[in-house]
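Undergrad: One structure is given below, represented as structure tokens, and several questions about it will come after.
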Amino acid sequence: MIPPGSTVGVFGSGQLGRMLALSAKRMGYRVEVFSPDAGTPAGSVADAEHVAAYTDLDAVTAFGKRVDVVTLEFENVPVTAVEAAAIYAPVRPGWRVLYTAQNRLREKTFLAQHGLPTLLFRPIRRPADLELAGRELGYPAVLKTAGFGYDGKGQRVVRTLGEAKAAFAELSSECVLEAFVDFAREVSVVAARGENGSFIHFAPAENRHANHILDVSLAPAELPAAVAARVVALTREIMASLEVIGVLCVEFFVTERGEVLVNELAPRPHNSGHLTIEACDVSQFEAQLRAVCGLPLIQPTQRPAAMVNLLGDVWARGEPDWASLLTESEVALHLYGKAEARPGRKMGHVTALAKTPQLAAERALRARLKLTEA
């Protein structure tokens, strides 16, 4: 066990690191963050902010010597940095899950090899690959870069071979072509796993997107009991297979017939889990801290809740009307301390509680609308 009073190191310094740091400091831990950027959301609340490239292995090594454990707030940390820090402090989750989740082709190959339900896919490394893949999967399909994609970046819906070739030329990197699925809803499960194999999960959340960016999450998702149990069981199986120590989110598609397909893995806290701060007795960030520090994991209790993202677009007409939002009862405002509001940039979120998730979503959306009504 790494007890309170110890120092937790975090690779990455965005809003996920910020909320983890706030949770850790409440429990008496010191927090130090490492990223290439200064004046970051996490750095502003951490005990120390280390600014260097992840490829600067001397700086990474010095960071590993200063802390008692290292965790991550985003998955695109080079494996070489993880290995360098791990010489001096345990890094949780470790290189295996990061290596898998950093690349969509490796991720989908892992899912297929382990018999886990996922979308049909084909690797695309050159334009000629699109001809055979298109015949096998059919159109429409989704072309995605193999690496470094998030919030809809690096992916295109393609309806013909011509569109696929044009998109591949634009993306200009190794890609994955996925069969298109007409899903009924998208859900996610955030869960935590300890070094001893202990496992806890949060209620599956339903996720609604706007312009490929998560807009609203509601939990618990309105799912048949068998489907809810299925997505939790698959999450547990994936975490065990990858030997995850920490938090992982699994995103699923659920079809009208109740078929469940794994979409993506995120080996860290997730945007859809932000509502757990208010809705649960143990948030996803405390669960991450407990898991990486070897503290007991307890199954959270959860109230119906919803979260809506606050993007930089909210600032388009000037400073939002915070006072109006804060007149709403059972509504919590979270701002990430980012210096510049840009369209599409996640600047904060609003969580609302209510008797049902749908009522909570209506309350959260109404609160967000108040920001720009003046």
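Undergrad: List the residues whose amide H sits under 5 Å from the amide H of V91, counting only those 5 or more places along or on another chain, with H placed 1.01 Å from N in the peptide plane.
TA: V70
Undergrad: Using alpha carbons only, how many angstrom separate the centre of the range 208-245 from the centre of the range 81-114?
TA: Taking the Cα centre of the range 81-114 as reference, the centre of the range 208-245 is 20 Å away.
Undergrad: Give the cross-link partners of K144 among the lysines, using a straight C-alpha distance below 19 Å as the criterion and excluding same-chain residues fewer than 8 apart.
TA: K108, K153, K165
Undergrad: Now for a different question. Determine the sum of side-chain charges near V282: Lys and Arg each +1, Asp and Glu each -1, restricted to other residues whose C-beta is under 15 angstrom from that of V282.
TA: On the way: positive: R26, R193, R290, R303; negative: E278, D281, E286.
That works out to +1.
Undergrad: How large is ³J(HN,Hα), in whole Hz, for each residue of the range 352-368 in order, when computed from phi with the Karplus curve 6.51 cos²θ - 1.76 cosθ + 1.60 and θ = phi - 60°, using x for Gly and Pro?
TA: 10, 10, 6, 5, 9, x, 5, 5, 5, 5, 4, 5, 5, 5, 5, 5, 5
Undergrad: A further question on this structure: Taking the simple approach of a point 7 Å from Cα along Cα-to-Cβ for both A38 and A226, what is their distance in nm?
TA: Placing both labels 7 Å beyond Cα along the Cβ direction yields 5.9 nm.
Undergrad: Taking every eigenvalue of the Cα gyration tensor of the range 185-373, multiplying by 5 and rooting it, what semi-axes result, largest first, whole Å?
TA: Details: eigenvalues 165, 65, 48 Å².
One finds semi-axes of 29, 18, 16 Å for the range 185-373.
Undergrad: What is the distance in Å between the Cα centroid of the range 327-355 and that of the range 1-44?
TA: Taking the Cα centre of the range 1-44 as reference, the centre of the range 327-355 is 20 Å away.
Undergrad: Quick one: 3J(HN,Hα) in Hz for the range 85-102, Karplus 6.51/-1.76/1.60 with θ = phi - 60°, rounded, Gly and Pro as x.
TA: After applying 6.51 cos²θ - 1.76 cosθ + 1.60, I find 5, 5, 5, 10, 8, x, 10, 10, x, x, 5, 5, 5, 5, 4, 5, 7, 6 Hz.
Undergrad: Any idea what diffusion coefficient the chain gets from Stokes-Einstein, in µm²/s, Kirkwood Rh on alpha carbon pairs, 37 °C, 0.692 mPa s? Display every interim value, and only then the final one.
TA: On the way: Rh = 21.3 Å.
Roughly 154 µm²/s, to the nearest whole number.
Undergrad: Please list 40-47, 17-24, 85-92, 242-249 highest first by mean number of surrounding beta-carbon atoms within 10 Å per residue. Write out the running numbers ahead of the final one.
TA: Working: 40-47: 22.1, 17-24: 25.9, 85-92: 20.0, 242-249: 24.0.
The peptides rank, most packed first, as 17-24, 242-249, 40-47, 85-92.
Undergrad: Excluding Q102 itself, calculate the net charge of residues whose Cβ lies under 13 Å from the Cβ of Q102, where each Lys or Arg counts +1 and each Asp or Glu counts -1.
TA: Numbers: positive: R96, R104, R106, K108, R268; negative: E75, E107, E174, E264.
Counting the neighbours of Q102, the net charge comes to +1.
Undergrad: Separate question: Which FRET efficiency value, to the nearest 0.05, is calculated for E136 and H114 with the Förster distance at 25 angstrom and r the Cβ-Cβ distance?
TA: 0.70
Undergrad: Using label points projected 7 Å from each Cα along Cα→Cβ, tell me how many nm separate T255 and A62, to one decimal.
TA: Going by the 7 Å Cα→Cβ label model, 5.5 nm.
Undergrad: Could you give me the ³J(HN,Hα) list for the range 133-143, computed from phi with Karplus coefficients 6.51, -1.76, 1.60 and θ = phi - 60°, whole Hz, x at Gly and Pro?
TA: Values, residue by residue: 4, x, 5, 6, 9, x, 10, x, 8, 10, 9 Hz.
Only the coordinates and a few stated rules stand behind these numbers; no lab work does. Predicted model only: the values in this text are computed from it and were never measured. With ideal geometry, Cβ positions are generated from the backbone for all residues, glycine too; neighbour counts draw on all protein chains shown.
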